[in-house]
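The next block holds one structure in the form of structure tokens; read it before the comments.
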Amino acid sequence: VQLQASGGGLVQAGGSLSLSCAASRTIFSFNAMGWYRQAPGKQRELVARISSGGSTNYADSVKGRFTIYRDNAKNTVYLQMNSLESEDTAVYYCWGIITTEPGNYWGQGTQVTVSS
């Protein structure tokens, strides 16, 4: 299984970016998918996740600003990021888990840089 992340870049504070995570197999096979991020000198943290049933969870720091959603036909999960802040600067990683398979699946990171 491969997860291909894209969509990072440089944006000014207050701006928006959209990240995409395309899976090499149907996303229905995943029990959950989501996005983590890691800023320099910090631990990787969960940003948002969406379950196979469609329920979502967000880090408190992004609630009301970020939205995770999926397009089942495209086997893709998206993260719409609005009202970006400098604290959102990090490498963002796509993530997925299939509970009947060992380990987690990770995409390559995509850099998001928010300039103040």
**Request:** Can you grab the distance from the C-alpha centre of region 1-63 to the C-alpha centre of region 89-116, Å, no decimals?
**Result:** 6 Å
**Asked** Rounded to the nearest 10 Å², what accessible area does residue 83 show when all protein chains are kept and the probe is 1.4 Å?
**Response** 60 Å²
**Prompt:** Rounded to the nearest 0.05, what FRET efficiency do residue 115 and residue 26 have when you use their Cβ-Cβ distance and R0 = 41 Å?
**Reply:** 0.65
**Request:** Hey, can you find the accessible area per residue of the chain for me, probe 1.4 Å, expressed in square angstrom?
**Result:** 51 Å²
**Fill in**
With label points set 7 Å from each Cα along the Cα-to-Cβ direction at residue 108 and residue 56, the distance between them in nm comes to 2.8 nm
**Prompt:** Between residue 13 and residue 1, what is the label-to-label distance in nm when each label sits 7 Å out along the Cα-to-Cβ direction?
**Reply:** 3.8 nm
**Message:** Just want to confirm a number: the relative contact order over the chain, from Cα pairs under 8 angstrom separated by 6+ residues, in percent.
**Reply:** 37 percent
**Message:** Could you give the length gained by full extension between residue 100 and residue 83, i.e. 0.36 nm per residue of separation minus their alpha carbon distance, to one decimal place?
**Reply:** 2.4 nm
**Request:** Using only the Cα atoms of the chain, construct the convex hull and provide its projected area averaged over every direction, in square nanometres to one decimal.
**Result:** 6.7 nm²
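The values are calculated or read from the model by the stated rules, or taken from the named source; none is laboratory data. Note that the structure is predicted; figures quoted are calculated from it, not measured. Don't worry about glycine lacking a Cβ; one is built from the backbone with ideal geometry, like all the others, and counts go over all protein chains shown. Surface areas here come from the heavy atoms of the whole protein model, side chains and all, with no ligands, DNA or RNA. Shrake-Rupley method; radii C 1.70, N 1.55, O 1.52, S 1.80 Å.
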